[in-house]
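The values are calculated or read from the model by the stated rules, or taken from the named source; none is laboratory data. Predicted model, so just to flag it, every value in this text is computed and none were measured. Reconstructed Cβ throughout: ideal geometry from the backbone, glycine too, with neighbour counts over all protein chains shown. Just the protein is used for accessible areas: all its heavy atoms, side chains included, with ligands, DNA and RNA removed. Shrake-Rupley method; radii C 1.70, N 1.55, O 1.52, S 1.80 Å.
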2 protein chains.
Amino acid sequence: MEYKKLFSETATSIKASAIRELLKVTARPEIISFAGGLPDPNLFPSEQVAAIMKEVLEKSPKEALQYGTTEGQKCLKDALIELLRDTEDVTAKPEEILIVSASQQGLDMCARIFLNRGDAIITASPTYLGGLQAFAASGADVYGADSDEHGLTVEGVEKCLKELKAAGKPCKFIYVVPDFQNPTGTTIPQERRVKILQLAEKYDTLILEDSPYRQVRFEGTAPDTFLKLDQGRGRVVTLFTFSKVFVPGFRLGYIVAPAEVIQRCVILKQAMDLCTSPILQLATAAYLKGGHLMSHVKEVVDAYHKKRDFMLQMLDKYMPDGVKWTRPEGGLFLWVTLPPHIDTQKMLDAALEQNVAYVAGVDFYPPHNARRNDFRINFSYSSFEQMEEGVKRLAATIKKSL
Amino acid sequence: MEYKKLFSETATSIKASAIRELLKVTARPEIISFAGGLPDPNLFPSEQVAAIMKEVLEKSPKEALQYGTTEGQKCLKDALIELLRDTEDVTAKPEEILIVSASQQGLDMCARIFLNRGDAIITASPTYLGGLQAFAASGADVYGADSDEHGLTVEGVEKCLKELKAAGKPCKFIYVVPDFQNPTGTTIPQERRVKILQLAEKYDTLILEDSPYRQVRFEGTAPDTFLKLDQGRGRVVTLFTFSKVFVPGFRLGYIVAPAEVIQRCVILKQAMDLCTSPILQLATAAYLKGGHLMSHVKEVVDAYHKKRDFMLQMLDKYMPDGVKWTRPEGGLFLWVTLPPHIDTQKMLDAALEQNVAYVAGVDFYPPHNARRNDFRINFSYSSFEQMEEGVKRLAATIKKSL
């Protein structure tokens with residue numbers, strides 16, 4: 001039968017993630033893939049997870065295996081309130097926190113509670129692909145603001161806000177990935193954060209802060225979160241996740257936002273999936289209460305720090321002149337820029353022929369804003385050997401295109 | 001700050017679930033609650049779950065704790081294909097199955113891929129509240145079709161389809177909970193299913209079959225699923241879940257649908273939450289492969305069968321004349337109808353004063369279709385003692401209202 005006429009605008013307008021489609025190709029064992037955004041599975045604390053699962057199922061089987069509250073299990077929220085206080089100097093109340101099935105659900109949820117089809121938002125250009133997907137599913141009109149080696153620029157944001165104001169089109173929120181942004185690895189400095197927040201106030205809009213990598217900092221001093229800078233004035237909605245510092249397989253994250261925003265999210269989550277898995281919430285709460293998180297984060301940071309250093313060395317060693325890349329202070333990604341005449345999406349076939357993969361930059365740009373000469377490299381997943389060999393192959397591919 | 005102007009139509013139009021709000025009140029220990037839809041936690045196979053978790057984390061820690069594919073883990077899909085063949089005589093291909101975070105996510109997903117704001121669908125009246133919530137979040141215009149003691153009537157469905165056709169408004173799908181429906185406990189007989197499916201074909205629409213309770217059958221013969229009756233013609237999308245026959249705390253379910261529909265769901269799921277927790281998928285696959293499910297289902301069926309029998313006895317024994325109720329052949333719920341002049345929502349305060357709770361029928365009706373003199377009773381959660389005492393209290397409350 002003919003389904004097309006039955007599908008919604010949402011179904012016909014959203015596109016498959018280039019990355020998740022590409023991952024199917026790169027699953028071939030001969031390919032060295034810098035394309036995914038996967039944490040290094042050798043770092044997963046699987047024995048600790050097993051011990052904690054045993055404990056949770058012995059102590060609280062009925063709570064762990066039953067339906068949970070939509071808001072999230074109390075023990076996890078309590079642990080998160082402590083974590084936010086200790087690591088971010090942020091005071092959050094239980095009604096300002098919602099447990100979600102990782103940040104991606106938070107993005108989808110925020111898109112749905114704030115956006116009608118055609119509503120405008122501002123993002124960095126380029127920005128996180130999964131954010132663009134969630135915003136597209138709600139029919140967002142995405143305005144890409146300029147960014148440089150320090151991420152989103154104040155001028156870029158203000159230009160977009162002015163244009164939108166002149167067009168009589170309110171900006172629903174400004175989406176930022178302030179720390180070690182996916183895809184570029186850039187971090188927005190403190191004073192830019194202050195100014196962007198002031199712009200949000202001036203133009204009466206919100207900041208949607210997506211912070212999956214924040215704890216993965218190798219060096220330098222962390223600027224404050226937008227959440228902290230807001231000082232409870234209610235202009236910031238922040239998404240955190242355990243995917244990068246604990247395990248992605250738990251699909252656990254949390255939203256910190258004004259109570260009124262959380263309330264709407266809770267009602268929507270009732271319709272979306274009733275609740276996030278209690279057993280995984282209890283296990284994560286036990287992990288946090290056991291004091292395991294911060295020592296594990298240190299391990300992850302040390303490992304990715306070495307990998308980033310090695311990746312930078314390899315790029316220095318093998319890349320031809322005319323190729324530039326970012327030097328992220330943390331996170332999982334860096335961003336490579338080629339001379340303007342090279343289209344990295346077209347070059348991808350040649351790279352795959354050389355058995356090496358990346359994600360073409362074009363996939364990270366909001367519509368109509370794309371540059372075509374950059375690509376993203378992940379440095380958390382591959383081994384040192386794979387990194388050296390992969391960069392060699394990439395360099396050879398690029399040399400042919402120069 | 002003023003958030004109202006920033007919220008979307010979705011955020012302002014959906015309502016909190018009456019049940020989930022009520023559950024907050026009924027958490028008080030002195031209240032006997034027939035309001036929730038919770039499985040009996042004494043039946044959870046927590047020791048088996050602990051053993052399986054241990055096994056999964058020993059054998060496949062890297063797969064269990066890493067990101068998964070959006071489509072679902074292969075081992076679970078393989079086990080589901082077998083399960084569908086063995087228990088439902090249905091042949092499904094991997095590309096016709098999507099693992100979701102329980103049925104509620106399947107409902108939300110189907111609402112989003114099929115519905116634009118204002119699009120029409122048909123449901124039974126009354127029907128599952130969480131379905132109505134998910135459809136409302138997508139702005140559905142819900143047409144409630146008549147149902148009787150055997151569920152949705154053929155005439156009721158055809159009347160709605162004719163009206164919609166006359167109004168030039170296509171029906172996107174017909175939503176059915178064919179087995180032991182929530183809230184009424186009714187089951188649609190085989191020949192009605194055949195005729196409703198024929199109507200779907202005649203009016204060129206889909207059946208959205210939601211089947212969370214199907215395996216919880218106490219007596220009688222199961223009619224075929226709509227999925228089986230469709231014989232691969234592609235008119236049926238079916239949602240199954242493990243919440244009622246294994247554990248709800250895993251939040252695991254699956255959609256079986258034509259490949260073209262699954263494809264759209266997969267792309268949307270990328271934006272919704274990337275994937276459902278791999279560790280819970282691997283554990284469920286191991287549970288299925290170990291052959292544990294069917295013996296556990298038998299245990300659940302035996303336990304709820306006894307509870308249903310006891311609940312029926314208690315209703316017989318204590319309820320005053322003029323009160324009627326359904327006699328479900330399975331599931332978790334039955335439906336009580338009072339004389340027409342009694343408003344069960346108004347009576348709820350009096351019931352809560354007597355420390356007993358139910359869900360007023362009005363919450364299960366599509367807009368504009370509500371009757372006000374019935375309510376839903378859950379019989380899976382309470383103990384026998386609570387059932388007797390609770391029904392006594394309920395009967396006393398009703399007598400005062402007669």
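Brief remarks follow.
- Electrostatic dipole magnitude of chain A [Cβ: Lys, Arg +1; Asp, Glu -1; Cα centre; debye, to 20]: 620
- Candidate aspartates and glutamates for bridging to A:Lys306, where Cα separation is under 16 Å - those fewer than 8 sequence places away on the same chain excluded: A:Asp40, A:Glu219, A:Asp316, A:Glu329, A:Glu385, A:Glu388
- Element breakdown for chain B at a 1.4 angstrom probe: carbon and sulfur atoms account for 50% of the accessible area.
- Calculated on alpha-carbon atoms, Rg and Dmax of region A:330-402 in Å: 12.2, 38
- Between the amide H of B:Val359 and those of B:Arg376, distances stay under 5 Å, these residues lying 5 or more places away or on another chain, with hydrogens modeled in the peptide plane.
- Counted over all Cα-Cα pairs of region A:70-143, pairs farther apart than 16 Å make up 58 percent.
- Region B:8-155: C-alpha pair distances exceeding 29 Å, %: 41
- Shape summary: region A:214-336 maps onto an equivalent ellipsoid whose semi-axes, from the alpha-carbon gyration tensor, are 34, 19, 15 Å in decreasing order.
- Note on B:Lys159: aspartates and glutamates with a C-alpha under 13 Å away, same-chain residues under 8 apart excluded, are B:Asp146.
- Computed label-point distance, nm, for sites A:Val25 and A:Leu402 using a 7 Å Cα→Cβ extension: 2.4
- Peptides A:26-36, B:316-326, B:330-340 ordered by packing proxy, namely the average of other Cβ atoms within 10 Å per residue, highest first: B:330-340, A:26-36, B:316-326.
- Note on A:99-109: average number of Cβ atoms from other chains within 10 Å of each residue's Cβ is 4.
- The equivalent ellipsoid that matches the C-alpha gyration tensor of the protein assembly as shown spans semi-axes of 46, 27, 27 angstrom, in descending order.
- Across the identical copies, the label point of B:Pro94 (7 Å from Cα in the Cβ direction) is separated from its matches by 4.5 nm, in order from shortest.
- Distance (nanometres) between label positions extended 7 Å along Cα→Cβ at A:Glu385 and B:Ser383: 6.1
- Inter-chain shielding of A:62-74 (mean C-beta neighbours from other protein chains, 10 Å cut-off): 5
- Take the protein assembly as shown with all the other protein chains still there, run a 1.4 Å probe, and you get 36 Å² of accessible area per residue.
- Whether region B:170-227 is rounded, prolate or oblate, judged on the alpha carbon gyration tensor where a/c under 1.5 counts as rounded: prolate
- Surface burial for A against B, with a 1.4 Å probe and both sides summed, reaches about 7100 Å² of accessible area.
- Working from Cα pairs under 8 Å separated by at least six residues, relative contact order for region B:197-296 is 22 percent.
- In chain A, the C-alpha radius of gyration followed by the widest Cα-Cα span (Dmax) gives 21.1, 63 angstrom.
- Vicinal HN-Hα couplings computed from phi for region A:79-87 (Karplus, 6.51 cos²θ - 1.76 cosθ + 1.60; Hz; Gly/Pro x): 5, 6, 4, 5, 4, 5, 5, 6, 9
- Spacing of the modelled spin labels on B:Asp148 and A:Asn42, each 7 Å from Cα toward Cβ, amounts to 7.0 nm.
- Average Cα contact separation per residue, chain A, under 8 Å, 6 or more apart, as relative contact order %: 24
- Counting from the shortest, the label point at A:Val25, 7 Å from Cα toward Cβ, is 5.8 nm from the same position in each remaining copy.
- Set A:Lys74/A:Lys244; A:Lys4/B:Lys93; A:Lys317/A:Lys392; A:Lys269/B:Lys74; B:Lys172/B:Lys202 screened for pairs whose C-alpha atoms are more than 18 Å apart: A:Lys74/A:Lys244; A:Lys4/B:Lys93; A:Lys269/B:Lys74
- Here the Karplus relation 6.51 cos²θ - 1.76 cosθ + 1.60, evaluated at θ = phi - 60°, turns the backbone of region B:147-163 into coupling constants of 9, 10, 5, 10, x, 3, 9, 4, 4, x, 5, 5, 4, 5, 4, 5, 4 Hz, with x for every Gly and Pro.
- 5 angstrom amide H check on A:Asp141, placed H, neighbours 5+ away: A:Gly118, A:Asp119, A:Ala120, A:Ile121
- When chain A is turned onto chain B, its residue with the beta carbon nearest the axis, and that distance in whole angstrom, is A:Met53, 2.
- Shape category assigned to region B:177-261 from the gyration tensor of Cα positions, a/c cut at 1.5: oblate
- Other residues with beta-carbon under 14 Å from the beta-carbon of B:Thr12 carry, at +1 per Lys or Arg and -1 per Asp or Glu, a net charge of +3.
- Region B:64-218: relative contact order in percent, alpha carbon pairs under 8 Å with at least 6 residues between: 19
- When the Cα positions of B:Ser8, B:Thr69, B:Ala111 are compared along the charge dipole of region B:1-112, B:Ser8 comes out farthest toward the positive end, with charges on each C-beta of Lys, Arg, Asp and Glu.
- Chain-alone versus full-assembly comparison, region B:220-250, residues with accessible loss of at least 40 Å² (1.4 Å probe): B:Gly249
- Extension gain from A:His341 to A:Asn355, taking 0.36 nm per residue of separation minus the Cα-Cα distance: 2.7 nm
- DSSP beta bridge pairing in the protein assembly as shown, given as percent antiparallel to the nearest 5: 55
- With R₀ set to 35 Å, the beta-carbon distance separating A:Lys202 from A:Arg371 gives a calculated FRET efficiency near 0.75.
- Per residue of A:255-267, other chain Cβ atoms within 10 Å of the residue Cβ number 3 on average.
- Only Lys, Arg, Asp and Glu carry charge here, each on its Cβ (+1 for the first two, -1 for the last two); on that basis the protein assembly as shown has a dipole of about 880 debye about its Cα centre.
- Stokes-Einstein D for region A:298-351, Kirkwood Rh over Cα pairs, 25 °C, 0.890 mPa s (µm²/s): 193
- Rounded to the nearest Hz, the phi-derived 3J(HN,Hα) couplings of region A:200-214 under the Karplus curve 6.51 cos²θ - 1.76 cosθ + 1.60 (θ = phi - 60°) are 4, 5, 4, 9, 6, 10, 10, 9, 9, 9, 10, 10, x, 9, 3, where x marks glycine and proline.
- Part-to-part distance (alpha-carbon centres) for region A:331-399 and region B:39-60, which is given in Å: 42
- Extension gain, B:Asp224 back to B:Lys54 (0.36 nm per residue minus Cα-Cα distance, nm): 57.5 nm
- Taking the charge dipole of chain A about its Cα centre, with +1 at Lys and Arg Cβ atoms and -1 at Asp and Glu Cβ atoms, the residue from A:Gly249, A:Gln215, A:Ala92 reaching farthest to the positive side is A:Gly249.
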